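Notes follow once the structure below has been shown.
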Amino acid sequence: MSQTGADHATLACRACTTQNPSAARFCSACGGSLTGKSGGRGFAAAPNESVASFALVSTVMPYASARSTRTYKLAFLIGVAIPILAVLFGQPSFALVTAAFVVPVVFIVYLYDVNLWEDQPVAVVLATVVLSAILAVASTLLLRAWLAGQPGSLIETTSGAFNVWAFLIPCVVAPIVGVILMLIGPTVLASRPQFDDLMDGLTFGVVAGVTYAAAETLTTNWAVITSPVDGSDALTTWLPVIINAAFLKPIVFGCAIGIAAAEFSGLGEGYDGFTGRFVGRVIEAMVLLALFQGGLYFTGLLGGSTGLVLGLVWALLLAGMAILRLRSVLQRALLEGALEAAARAGSSKWSSGEEDFCAECEMPLPVDALFCVSCGASVRARSKDVRRAAAHSEHRATEGGSA
Ligand SMILES: [Zn+2]
Ligand SMILES: [Zn+2]
């Protein structure tokens, strides 16, 4: 280990010249690795994971600490197991309803857990969830009515001949309209000063996306849910549909909207708003959703279980891509945001206080750190509860000192 320029045994970061404690493995200001290994940098929101990983929870729930991440993983596993078991027991209607609710419910628990709404009334955030669901139901019903009016469109069948309208409306129009509708709630919230952080924008985007996906699933499959269905062909017909509805579709929708909403918030303090980069991310989200729906439409044309399984593989592929994309956006945002703050050389509103601890590895943090010097976790990716608890103890400490 290099000891160059070490007065009082500090370690200067080569990227941003910040002085760090000599035992530091990561720079407290920019999060760069100090041990000399260039590959030593893990995912900033969960440093024990690599950036190129399909770890869902730390990607869509970056505020979760290492301990609560395990709880959410378990919640998702149980949540997905219920509809799958329901299908295997020949209850596709029940399975569809539970499948639609798995991801949104776990997400709302997470929002409550990390106390994202702070001192805001819970109603503000829940209103975004409800708004997203209402918009999904309304747009789906309108688009279906439009589709039903087109000659020769096979609205209820998934297999059969190619029809221009049956392709255009769900696979081109619906993604474009959907992305715009899904972004209404997150952009309104992200332009409020309490929620203008990139992490908040991302979180609201994911919430709006998963809620919209769930409401769309319920609306599209309403006929199946309300009338008794033959569940005897459960494995071949319903299992791929349920796995898609419960897990893959909300992941694709949530990540796509999360990426766009994060861009709306931007890196620094305050929100960036309607920039060219934001428009780019919006188009990216529309393309992702169009690819998702289009792939399901064309594999559906093949018909039978072959089509369903191919559709599932396609959805799995896109969900994996969406997770990787959101992770790289988050990683870059946390590291670039820190470099910007280091360049300004003041303490940012996310940096640690006195006697503060890392939420991931529970080691003490240097004052005004943006990263844990032991594990490299981003201090910005701590829940507001943890942040506020730290601020309180700091407040008490200074009060005690002056008394
Ligand atoms: Zn540095
Ligand atoms: Zn740590």
Checklist entry - If each residue's Cβ is checked for other Cβ atoms within 10 Å, how do ILE82, ILE169 rank with the fewest at the top? => result ILE82, ILE169
Next on the checklist: Please state the shape class of region 304-391: rounded when a/c is under 1.5, otherwise prolate if a/b exceeds b/c and oblate if not, all from the C-alpha gyration tensor.
Outcome noted: prolate
Next on the checklist: Taking 0.36 nm per residue of sequence separation and subtracting the Cα-Cα distance, how much length would be gained by fully extending the chain between VAL130 and LEU317, in nm to one decimal?
Outcome noted: 64.4 nm
Checklist outcome for this item: Computed about the Cα centre, the charge dipole of region 56-342 from +1 Lys/Arg and -1 Asp/Glu charges at the Cβ has a magnitude in debye, to the nearest 20, of 480
Item to check | Gaussian network model of the chain, springs between alpha carbon atoms under 10 Å - residue of SER50, SER352, SER28 with greatest fluctuation | outcome: SER50
Checklist outcome for this item: The answer for ALA377, listing residues at least 5 apart or on another chain whose modeled amide H is closer than 5 Å to its amide H, is CYS372
Item to check | C-alpha long axis of helix 92-113 to longest principal axis of the chain, angle in ° | outcome: 20
Checklist entry - From the backbone phi of region 16-24, what are the Karplus-calculated ³J(HN,Hα) couplings (6.51 cos²θ - 1.76 cosθ + 1.60, θ = phi - 60°) in whole Hz, Gly and Pro given as x? => result 10, 6, 5, 7, 10, x, 5, 7, 5
Checklist entry - Which residue fluctuates the most in the chain, going by a Gaussian network model with Cα springs under 10 Å, if the choices are PHE89, PHE26, PHE278? => result PHE89
Next on the checklist: Restricting to Cα pairs below 8 Å that are 6+ residues apart, what does the relative contact order work out to for the chain? Please round to a whole percent.
Outcome noted: 25
Item to check | Per-residue HN-Hα couplings for region 185-197 [Karplus 6.51, -1.76, 1.60; θ = phi - 60°; Hz; x = Gly/Pro] | outcome: x, x, 6, 5, 5, 5, 8, 8, x, 5, 10, 8, 6
Checklist outcome for this item: Given backbone amide H placed at 1.01 Å from N, residues whose amide H is under 5 Å from that of PHE357, ignoring those fewer than 5 places away on the same chain, are LEU365
Checklist outcome for this item: Amide H contacts under 5 Å for ALA12, restricted to residues at least 5 apart in sequence or on another chain and with H modeled in the peptide plane, are ASN20
Item to check | Calculated SAXS-style log₁₀ I(q)/I(0) at q = 0.12 Å⁻¹ - the chain, Debye, Cα scatterers | outcome: -0.93
Checklist entry - Ranked highest first by the average count of other Cβ atoms within 10 Å around their residues, in what order do 102-114, 300-312, 204-216 fall? => result 204-216, 102-114, 300-312
Item to check | Leading residue at positive end of dipole, the chain (Cβ point charges), from ALA256, LEU131, VAL313 | outcome: VAL313
Next on the checklist: What are the ³J(HN,Hα) couplings of region 360-367, residue after residue, when phi is run through the Karplus curve with 6.51, -1.76, 1.60 and θ = phi - 60°? Round to Hz, x for glycine and proline.
Outcome noted: 8, 10, 6, 7, x, 9, x, 5
Checklist outcome for this item: Taking the dipole of the chain about the Cα centre (Lys, Arg +1; Asp, Glu -1; charges at Cβ), the one of GLY337, LEU143, LEU34 that reaches farthest to the positive side is LEU34
Item to check | Three-way shape call for region 168-211 based on the alpha-carbon gyration tensor, with the a/c threshold at 1.5 | outcome: prolate
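Using helices alone, what [θ] at 222 nm do you get for the chain, with -39,500 (n - 2.57) per DSSP H run of 4 or more residues, divided over all residues and rounded to the nearest 500?
Mean residue ellipticity, 222 nm, calculated: -20000 deg cm²/dmol.
Coordinate-derived values only; no laboratory data. Computed from a predicted model, the values in this text were never measured in an experiment. Positions of Cβ are backbone-derived with ideal geometry, glycine not excepted, and every protein chain shown enters the neighbour counts.
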